[in-house]
Amino acid sequence: MTEENGDLYQPGEGGAATTAPDRPDKPGYVFLLAASIRMFDLHDAGRALGADHTQPPPEERSADNKGTYLSIAWDLLYYLQERELEGAFDYVDISSFAAETADAYNVTPADVYYVSNTLAQPTQLDFIDPRDRTTRRTTADTNLIRKKRRGQACMLAKAGREALAFASGYFKWVHAGAEAQKLVGDLQFGEYKSFFQIGTRLLNRIRQETHDIRLALEQPEVDDLRQSFLDNARRYTATIKELSSIVGQAQVQLTAPQTIESIDTWLTMVGEEEGYAFESFTGLTQTLLNAIANMQKLFSQFLETVQSREHALVGVVRFDAAAADFLRQDGAGTSSVDFLDTMFSGIGPLFPDIEDLHPLEHRGSIEVRVPRQRQPKTFRKATHSARDKDRIEKFIDANREEILRRLESGPLSLGEIAENGDTWLDCTELDGLAEMTSFFISPMILGLDDGAQIRLELGGHRVWMMSDGWEFSGPDVRMRLLRVGAPADQQEATP
Amino acid sequence: MKYEQIAQLQAFLLRHRSCYLKPPRGRRHRRDEYEVAQLLRALDEREREALDGLMAGMGFELHEFDDTMDGIPRGGVVWVVLRAPDAPRETLLGTTPVWQRLSLRSDEPKATTVYWFTFLWMLTMSFLYERISRPVSAVSDYISAEVTREELEAKTSERLEEMRLETSEPDPQALPIAAALLGGSGRNATTTANIRKRVGHFLDAMDDAGMLELVRSEDGETVYRQTLLCAAQINELFSQDLIHVVEPEQIEGEMNRFLSANRSRAANNSADADTPQAPEARETEDETDGTD
C-alpha cells in the first residue's frame, strides 16, 4: 500500500467493513425496510380518501415470500458498492455475480436479472409537501441502480447509495464533523477496529457527497439538489473545514509515541492477523484528507460557476432534429463552410496540422545566419582603376575553363548544375551552392570570344534541394554554345 | 524549473490531448503515458504555471479530473487538454487532417467534406446525448454514451432517404448541403457503400483524435464510447459554438421553465421571510403545481 497506488488506503483491506456493520441477528437493511414497509403499504393503499370502509393492510406478500428476491437485491447493491470502492464510478458487468448468486440461492440467472431490471426501473413516489400540507409532490428518483442499454452492466444510482448508507447507519452531512470526531476518540481509547469502520463510512460519505456536487453541477433538472447546496453553502463549507481539521488532528495523533506504542501492541495481538498494518492507519487518514480536498475544490467550482452557466437552461439538445434541419439549410450563416470549420476547430477532433509548420516554409527565414566578414567595397579612383571582384566573378574565374569545356561537349542545363555541379565546380568563393547557377542568368560573365554565342531555352518547372539545405525553384534553363560562322551542322556543340 | 520535462509534457499533451494516471477500463497505457502522468503529478506550482502558460499561448487549457468523476479508476487522475473558449482558432492543432481523412476522393470539394462531417457528427451526438436524455452539461455521463457503426449507418441512410423523398435532386444553389450529401441522381447518387465508407472514416478520425474510443461491450458487441475529453470539450464550448445548433424555441421553453421554477421557490420562501420577490417571478404568468 504505497502512494503509487494513488489511493493510500484501500477499503476492504485489513478487514474494514464495506458491507453492513456487524449485527448479531439481522443485516442492516432489514432495519431500514422494517421501518419502511408499512409506509409503502400506505403509499399503495387501495382505500379512497374519505371512504367509510376500512381495509386492513395486506399481510400476504404475493409471489415469492421467502425473501429471495429481496436478499438478492441487497447482495447486488453491496456487490456494486464494493466494485465502486475498489474501481471507479463506472458500469460493472454483473454476469459473474448472477452466475454465483444463482448457485448460492438455487435460482436461475434469469431470476437475478429480474431483480437487477426491477432495481433499475424508476417508479413514482407521491407525497404531500410538508410546508403547506396540500401540494402534491412527486419524485421518480427511485431507481436504485443504473443499467446500460445493452448487456448486463450496472452501477449504483443515487438512491441506491443512499439506501446503502441508511442501512449502514446514515448520518446527515452537517453531522460529519461529529462523525469524524469519533476517529479521534477511537484512537484515544484504542478502539481500532471501530476507527476503520468509522473512517470507511466517512470516506464513502465524502465521496458520495462529492459525486452529488458534480451531479448538481452537471444536471440542469436537479434544481432542488442544486438549490439545497446553494441555500446551505455556508454550512456545507463549514462542515468541510471542520472535517479537514478533525482528520488532521487524527493524523497528528498517529505520530504521538503513546499512540504508536498502543497500536503496535494491538497489531501484535490482533491486528496483524486480520491484515492490518501501521500504514493502514496513516493511509486512511491521508486518503480522507485527499478526498476532503477534492470535495472542497469541486464545491468551490460549483459555487463559482453554477449560477452563470448558460446551457443549464437548455436541457437535452435535439441533435437528431438539428441534423435533419441541417440538410435543409442554404449553406450561409451558421451552415456555411467557414462557420462549421471554425466551430469544429473548437469542439471537433483535432490533429497536428503540420502544413503550417512544414520545414520548407521556414527554411532560410528562421535560420540563424552567422555574419560574414564584410568584403571591402569596390570603388574606382580617377587615377587607379583597380577593382575588387565579387564572389560570383571569382567563382567564374575559377571555373570558366571547365564550364566552357563542358559547353563545348554539349548543352548544359541549370538542373544539372543544381544537382551535381558541386562535384566538378570549385564553389569555394560562394555563399550558397545555389549561386553556382548565376551564370545562367548573366551568361556573358563567361567572357565568350567573338565566334561564340549562347542560346538559352526554358524547360519545365522544377524544384531543387541543394545539398547545403537551400532550395530554389523555377523553370529549368538549357544553355547551348553556338559557334557563329561555322557550317550549320557544326554550329551547335553536341555531346 | 525543468524545461525539458515541461516541453516533454506539452508535446505529449498536444499529441494525445489526454493523459491517464491509471488507464480506464479496457485500455492500456499509451507509450510514455504513465511517465508523463507521474511528471504531471509531480509538478510544483511554478512548473504547473509555466505549463499552463505554454498551453494558454497555444489556445488550450489543461483540466484535471480525479476519481470522483465517473469512469476514472480509484486513485486515478486524468488530465485533458481543452480548447480555451476565447482563444484564436488558428493553432498547432487543426481540422485540415480531418477533412483529408473523411473525403472519398482527392478532388472532393472541401464544402462536401465539411457538410458530411457535420451531418455525421450531429447524428452521432444524437446517440450520445439525445437517446439517453442527457444534457450537454452532464459530462460525467459520458460512460453511458455509446453508438455502434451499424446504428450510425442506419440513421444516416434514414435521414438521407427522408430528404430524398422531399426532393430527389435538390437545387445546389438553394440547398447546397442536401445536394452535396444526396449526390444527385443516377450514378452520382450517394449509395449505401458511400455511406458506409464515410461513416467508417468519420469514426476512425474521431477515435484517433480521442473523441471516441472503441470498446467491447459486455455482450461482446463493438461500440464507440464517448471519451471524457470529448464530453468536457463540448461542455466547455457549448455556449460559444453549439448554442447555434439548438432551436430557439428550445431555449425559450427552457428559459420559461427555469423562471417559473424560480418564481415558485420564491413564493414558498416569502412565507418564511420578508424578502421581496424576484422581478422575473412577477413578470411570468405560468403557474406550477410544484411537481418535479
Point to revise | Tabulated pairs, the stretch B:4-19, first among the aromatic types (F, W, Y), second at pLDDT below 90, C-beta under 8 angstrom, 6+ apart or interchain | key: B:F12/B:D32
Review point. Somewhere in the stretch A:212-226, is a residue under 23 Å from A:Q286 (Cβ atoms) and crowded, with 18+ Cβ neighbours inside 10 Å?
Key: yes
Review point. Could you say which residue among B:Q233, B:Q240 is touching a residue at least 24 places away in the same chain (Cβ under 8 Å), part of a loop (DSSP other than H, G, I, E, B) and either at the interface with another protein chain (Cβ under 9 Å from one of its Cβ atoms) or over 14 Å from the mean Cα position of the chain (by Cα) (or both)?
Key: B:Q240
Point to revise | Residue within the stretch B:222-229 that is over 21 Å from A:F351 (Cβ atoms) and at pLDDT 90 or above present | key: yes
Exercise for review: List the number of the failed condition for B:V215; all other conditions in (1) within 20 Å of B:I72 (Cβ to Cβ); (2) surrounded by fewer than 17 Cβ atoms within 10 Å (Cβ to Cβ); (3) modelled with pLDDT of 90 or more hold.
Suggested key: (3)
Check your understanding: Say we look at the stretch B:17-34 and pick out the residues that are at pLDDT 90 or above and not aromatic (F, W, Y); which of these is farthest from B:G53 (Cα to Cα)?
Key -> B:K22
Check your understanding: All but one of (1) more than 12 Å from every other protein chain (Cβ to nearest Cβ); (2) among the basic types (K, R); (3) within 30 Å of A:R207 (Cα to Cα) hold for B:R105; which doesn't?
Key -> (3)
Review point. So is B:M125 within 7 Å of chain A (Cβ to nearest Cβ), within 30 Å of A:H211 (Cβ to Cβ), assigned to a helix (DSSP H, G or I) and modelled with pLDDT of 90 or more or not?
Key: yes
**Study point:** Residue check for B:R198: basic (K, R), over 30 Å from A:D93 (Cβ atoms) and within 13 Å of chain A (Cβ to nearest Cβ)
**Key:** no
Review point. Is it the case that the stretch B:95-103 has a residue that's surrounded by fewer than 19 Cβ atoms within 10 Å (Cβ to Cβ) and farther than 25 Å from A:Q329 by Cα?
Key: no
Exercise for review: Report, ordered by the first and then the second residue, all pairs with beta carbons closer than 6 Å, sequence separation of six or more or different chains, a first member in the stretch B:164-187 that is more than 13 Å from chain A (Cβ to nearest Cβ) and farther than 12 Å from A:S335 by Cβ, and a second member that is surrounded by 12 or more Cβ atoms within 10 Å (Cβ to Cβ) and modelled with pLDDT under 90.
Suggested key: B:S185/B:E169
Review point. Quick one: B:A7 ticks every box in (1) out of contact with any helix residue (DSSP H, G or I) (no Cβ under 8 Å at 6 or more places or on another chain); (2) buried (at least 18 other Cβ atoms within 10 Å of the Cβ) bar one, so which box is it?
Key: (2)
Practice item. Filter the stretch B:162-181 for residues that are touching a helix residue (DSSP H, G or I) at 6+ places or on another chain (Cβ under 9 Å) and more than 15 Å from A:A324 (Cα to Cα) and give the result. Key: B:S168, B:E169, B:D171, B:P172, B:Q173
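The values are calculated or read from the model by the stated rules, or taken from the named source; none is laboratory data. As the structure is a computational prediction, the values presented were derived from the model and not from experiment. A quick note on method: Cβ atoms are made from the backbone with ideal geometry, for glycine too, and the neighbour counts reach across all protein chains shown.
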